[in-house]
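Data block below; observations after.
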Amino acid sequence: MTATASRPPLKILLCAPRGFCAGVDRAIQIVELALARYGAPVYVRHEIVHNKYVVENLKAKGAIFVEELDEIPATEAPVIFSAHGVAKSVPADAEQRRLFYIDATCPLVSKVHREAEQLFERGHDVLLIGHAGHPEVIGTMGQLPDGAVRLVETPGDVRALSAEEFGNPAFITQTTLSVDDTAEIVSVLAERFPDIRAPHKEDICYATTNRQQAVKEVAPRVDAVLVVGAPNSSNSQRLREVAERAGCPRAVLVQRAADIDWDALSGIGSLAITAGASAPEILVEEIIDAFAERYDVAVETVTTAEETVSFNLPRPLRAEATS
């Protein structure tokens, strides 16, 4: 019996799009270009993106990750703000300490920041749909004075709002939410506040939407879905939830091949693999290779959207990118 014949067959449906989005790609590139231009160390406030492999790789190149600016000594080295965005107090603090900082906030998150400011300036009562404690939510709420933004996480939170307190409501959203969960919350908002102001354009980013749609397409057709991503990655957690709701009996989030619980996946004949927007393709390839050692795999790519989005680099690094 050949080695191939001794392995059970496994059909792998590879979701496309998956993995890095334009904002994540830009943020990682900012750190790498800063290291190339200014040399090590380069300080990064918070994980540049929520992926351990990416962070460890950048650490090896000379990036030093901190949670707050007060962990950084007096230095002329660049300080980079993560893709999730920061409260206004953070660059203000950096300027007071005369730190040279580069903002790697995803432009789609910056768009939500501007929306929040504009709505507040026009006298709206601002509601933010998002997850408490997530860095993006902290950064967005920090664009306005304390107490100026009310966070809602569930339809129940919306029903608990006082109509008298929110006489001129408007809402914005975190960019990495579940499309379906958010639609449910927005529906309750519209029911409670018929005149509520919605964003001109959807705040949930194109990449989050596209990756969720790809999972919805394949999840009912397979025995299990593997989402490659970090536990603290909002968009990766939402992909796992989307797979479960779409009818897949087993939906699992793994950071890399070593995390796979093979017993939990025993007996499968089909598998879908996707990756959160901060998970590099090398980890997807690593996982496919791990399955190929145990199964006779046949891989089919299922494409539900084409992505061509790209973002400009911050001005100080544009010359480095073209040199």
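The values are calculated or read from the model by the stated rules, or taken from the named source; none is laboratory data. Just so we're clear, the structure is a prediction, and the values are computed from it rather than from any experiment. Every residue, glycine as well, gets a Cβ built from its backbone with ideal geometry; the counts of neighbours run over all protein chains shown.
Points to keep in mind about this one:
- The range 156-183 - residue that is among the acidic types (Asp, Glu) and surrounded by 14 or more Cβ atoms within 10 Å (Cβ to Cβ) and, of those, farthest from residue 16 (Cα to Cα): 157
- Counting only residues that are surrounded by fewer than 22 Cβ atoms within 10 Å (Cβ to Cβ) and touching a Pro at 6+ places or on another chain (Cβ under 8 Å), the range 93-110 holds 4 of them.
- Residues that are buried (at least 16 other Cβ atoms within 10 Å of the Cβ) and closer than 13 Å to residue 43 by Cβ, drawn from the range 69-92: 69, 72, 77, 78, 79, 80, 81, 82, 90
- Cβ-Cβ distances below 8 Å connect the following pairs, each with a first residue in the range 89-104 that is touching a residue at least 24 places away in the same chain (Cβ under 8 Å), a second residue that is crowded, with 16+ Cβ neighbours inside 10 Å and among the charged types (D, E, K, R), and a separation of six or more residues or different chains: 90/45; 104/26.
- Among (1) at pLDDT 95 or above; (2) over 22 Å from the mean Cα position of the chain (by Cα) - the single one residue 175 does not satisfy: (2)
- Elements of the type strands (runs of 3 or more DSSP E) sitting completely within the range 59-119 and holding at least 3 residues that are farther than 18 Å from residue 314 by Cα: these cover 63-66.
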